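Enquirer: Encoded as C-alpha cells, here's the structure I'll be asking about.
Every number here is computed from the coordinates shown, using simple stated rules; none is lab data. This one's a predicted model, so the numbers in the text were calculated from it and none came from an experiment. With ideal geometry, Cβ positions are generated from the backbone for all residues, glycine too; neighbour counts draw on all protein chains shown.
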Amino acid sequence: MHAPSLPPAATLRRLLGIGIVVLGLFAMLQALWQHLQSDYPAPVFDAFLAGSMAAAATALGALPVLFSQRLSDRVQDSLFGFGAGVMLAASSFSLIIPALAAAKTQGAGAWAAGAIVGGGILLGAAMLLLMERYVPHEHFIKGVEGQTARALRRTWLFVFAIVLHNLPEGLAIGVAYAGTDPLHAGALATGIAIQDVPEGLVVAAALAAVGYKRSTSVLLGMASGLIEPVGAVLGAIVIGLSASLLPWGLAFAAGAMLFVISHEIIPESHRKGHEAFATGGLIIGFVLMMLLDTALG
C-alpha cells in the first residue's frame, strides 16, 4: 500500500528539509575531516577516509532508483543475502580471527583468548539488542519497533533503522584501522564498501516501494551511509586509547555485525519466499569477502 500523495508545497518542504539535513551532514563530515587531519593520529584519519568511502558507495548505489523501476522482491532478497554474506565473512576473517591473534599476542592463552573474544562478541550483540529495543525505528518488512515509535514521523523511523544497521559497519572499519595492519583494514573497508552499493540501492528502492517519492528515497538512501565515517572515527579513537582494548574492540564490532545479520538481514531476506536466492547471494558475498581478505590482507 502506498502512502497518500502529498500536496506539491508539502512535498517541496519535505525535500527541502531532507536536503538541508543531508547538506548539514556533509558539512559536518568536511569539518570532521579537517579536524582529524590536523589533530589526530593517522589511523583515525585513515578510518575516517575508509568510512567515507563506504558512505560514498552507499550513495552511489542509491542513485539508480531515480531512473529505474521498482526492484523485484527476488532481486532485493538476493542483494540482502549478498550483504549478509559480506558482513559474515568480514566478521569472521577481518575481526574475530585478528581479535584472537591480538589477545594471544598480549599474553592470553588459548582459553583466555577465546573468553575475551567471546565476551566481546556478546557485548557487541547486547549493545545492538538494547538499541533495537529502545531506539524507535521501522524495518521495511517487520514494521515498527522500539518505544514511543508511534509518536515519530515514519521517515525518521526508517532513518533510525538504517543507522542501527550501518553503525556496526563503521565501528568495524575504525577498529580495524586502529588495531590491525593496513592491508587487513583495507580489505575489510573494501568489502564493506562493495556491499554498501547494493545496500544503498535496496534502501532507496524499499523506501520508494512504501510510498516515498523517488527523489526523497534516493536522498534518504544516500544519507543512510553517513553514519559509517562517524562510527569509524569513534571505533578508531576508542581503540587508540589503549592497545589492550584491541581484542575487545574487534570482537565487539564482530558481535554487533553478527546481530544485524541474524536479527535483521537474513529474516528480511527470507520473508517473501525467495530463500534460495537470498542464500545464494549470501554465499557469493561470503566468498567474495573471503577472497578480498585473502588477496589484500
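Enquirer: Given a Förster distance of 25 Å, report the FRET efficiency between residue 112 and residue 262 from their Cβ-Cβ distance, rounded to the nearest 0.05.
Expert: 0.40
Enquirer: Let me ask something additional. Let me know the charge dipole size of the range 191-297 about its Cα centre in debye, to the nearest 20, where only the beta-carbon of Lys, Arg (+1) and Asp, Glu (-1) is charged.
Expert: 280 debye
Enquirer: Among 216, 180, which comes first, then next, by fewest other beta-carbon atoms within 10 Å?
Expert: Ascending number of Cβ neighbours within 10 Å: 216, 180.
Enquirer: Using the number of other C-beta atoms within 10 angstrom as an exposure proxy, rank 181, 46, 77 with the fewest first.
Expert: Ordered by Cβ neighbours within 10 Å, fewest first: 181, 46, 77.
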